[in-house]
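Worksheet: one structure, shown below.
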Amino acid sequence: MNKINILGIVGSLRKESYNAFALKAAQELLPDGVTLEIVNLQGIPVFNQDDEMAPPAAVLEFKQKIIAADAILFATPEYNYSLPGGLKNAIDWGTRPYGQSAWQGKTAAIMGVSIGNFGTARAQYDLRKILVALDMPVVVQPEVMIGNAAERFDQNGVLTDERSRNLIKKLLSALVQLEKSARRAKGD
């Protein structure tokens, strides 16, 4: 099968985001024949339906990256028991204009990092519901919820926790398998 291109979306806007660090770790753990481009949500304005027919340049660029990708890997923090507003906003932009969703049919996986003990469980649950509504096949297992982030990453943002690295590697493998299954189902 052809190469698989994954788009890694950082759900946090923070410059030193642990979720961006987790995606960088994922780049080191990719199976053969797989690439991972990381994109952040900087510059994507708040969704306004009045602008959906002529979206801003940052939105058009973001949608093009989604369309060009074979699969999506979301890395989300948890804010107030759910996913960040910036991530939800970007997802909404990707569905517009109505009937032109860039997300439909894209295979996806979710992981998340938090400074708290629960490691983004609630945010991932909410994100999974959204992805199902967008007709995106989503990896179910393993769940990668990295809690107590300061203990899992070094001062340079390198993921040093072997258990977390192994879970990310398994998640990537499951995403690749899901994408290959989707391709076979389409006859690709």
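The values are calculated or read from the model by the stated rules, or taken from the named source; none is laboratory data. Just so it is clear, the model here is predicted, and its values are computed rather than measured. Using ideal geometry, Cβ is built from the backbone for each residue, glycine included, and neighbour counts are taken over all protein chains shown. Ligands, DNA and RNA are excluded from the accessible area calculation, which covers all protein heavy atoms including side chains. Shrake-Rupley method; radii C 1.70, N 1.55, O 1.52, S 1.80 Å.
Here are the numbers:
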read-out	value
At most 11 other Cβ within 10 Å, DSSP loop - trypsin sites (Lys or Arg not before Pro), the stretch 12-79	LYS15
Distant-in-sequence amide H partners of ILE72 (H built 1.01 Å from N, under 5 Å)	LEU7, THR107, ALA108, ALA109
Proximal lysines to LYS3, defined as alpha-carbon separation beneath 24 angstrom and excluding residues fewer than eight positions away on the same chain	LYS24, LYS63, LYS65, LYS106, LYS169, LYS170, LYS180, LYS186
Formal net charge of residues neighbouring ASN156 (Cβ-Cβ distance under 11 Å; K, R +1; D, E -1)	-1
Accessible surface of TYR125 - all protein chains present, 1.4 Å probe, nearest 10 Å²	140
Extent along principal axes [Cα atoms of the stretch 75-124; Å; largest to smallest]	39, 21, 12
Helical contribution to [θ] at 222 nm, DSSP H n ≥ 4, -39,500 (n - 2.57), averaged over the chain, rounded to 500	-12500 deg cm²/dmol
Accessible surface of ASP161 - all protein chains present, 1.4 Å probe, nearest 10 Å²	40
